[in-house]
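The values are calculated or read from the model by the stated rules, or taken from the named source; none is laboratory data. Please read all numbers here as calculations on a predicted model, not as lab measurements. When we count neighbours, we look across all protein chains shown, and the Cβ atoms used for this are built from the backbone with ideal geometry, even at glycine.
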Ligand SMILES: Cc1cc2nc3c(=O)[nH]c(=O)nc-3n(C[C@H](O)[C@H](O)[C@H](O)COP(=O)(O)O)c2cc1C
């Protein structure tokens, strides 16, 4: 079993958001049982607010229903799902989020948990120049580096950002 202790040993210091849920997808699920500090920073929700709640609180008007349907189908079939979706922070700000969700199987082959790695996607078409191009926020290089570092073990995220 992927215990909270084991996952927090690994995820507490990461710059990418990590969220772990129970396996039940219906009846108001999946219920969040762990979120790391980077997830608090990304979403603006405290850990206490996230735990016991569901990742659906991150959804809003611009969240693609088409993507969510495909996501739901993949998770129900026990398949991982990697996508970009519009999420909303606690203060209502929308952000584009790359999410890599995967089931964690127990020894009996049943899904015990879901784990997701989440990071903001910041589009950058031009080089950022201080005082100009203010729309384009620089990418957090620490998160990009992590995708190649400890997270590579989980094979999450297709590529580092940029
Ligand atoms: C670990 C985990 C993290 C998730 N993170 C997000 C997220 O950041 N944004 C989002 O819109 N949905 C997220 N979801 C998906 C929703 O919880 C839900 O599965 C999705 O809305 C599809 O199911 P539904 O059709 O029953 O709503 C996540 C699911 C899991 C299991």
> Looking at (1) outside any loop (DSSP other than H, G, I, E, B); (2) loosely packed, with under 15 Cβ neighbours inside 10 Å, which is the one condition that is false for residue 116?
Replying inline: (2)
> Tell me, which residue of the range 11-33 that is farther than 16 Å from residue 99 by Cα and surrounded by 15 or more Cβ atoms within 10 Å (Cβ to Cβ) is modelled with the lowest pLDDT?
Replying inline: 29
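Each row is one residue, and each column tells you yes or no for (1) within 11 Å of the ligand (Cβ to nearest atom); (2) at pLDDT below 95; (3) under 20 Å from residue 57 (Cα atoms).
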residue: 83; (1), (2), (3): yes, yes, yes
residue: 88; (1), (2), (3): yes, no, yes
residue: 91; (1), (2), (3): no, no, yes
residue: 98; (1), (2), (3): yes, yes, yes
residue: 106; (1), (2), (3): no, yes, no
residue: 109; (1), (2), (3): no, yes, no
residue: 114; (1), (2), (3): yes, no, yes
> Hey, among the residues in the range 60-81 that are assigned to a loop (DSSP other than H, G, I, E, B) and surrounded by 15 or more Cβ atoms within 10 Å (Cβ to Cβ), which one's nearest to the ligand (Cβ to nearest atom)?
Replying inline: 63
> Of all residues in the range 7-46, which are assigned to a helix (DSSP H, G or I) and either within 10 Å of the ligand (Cβ to nearest atom) or under 14 Å from the mean Cα position of the chain (by Cα) (or both)?
Replying inline: 11, 37, 38, 39, 40, 41, 42, 43
> Among the residues of the range 47-59, how many are part of a loop (DSSP other than H, G, I, E, B) and within 12 Å of the ligand (Cβ to nearest atom)?
Replying inline: 3
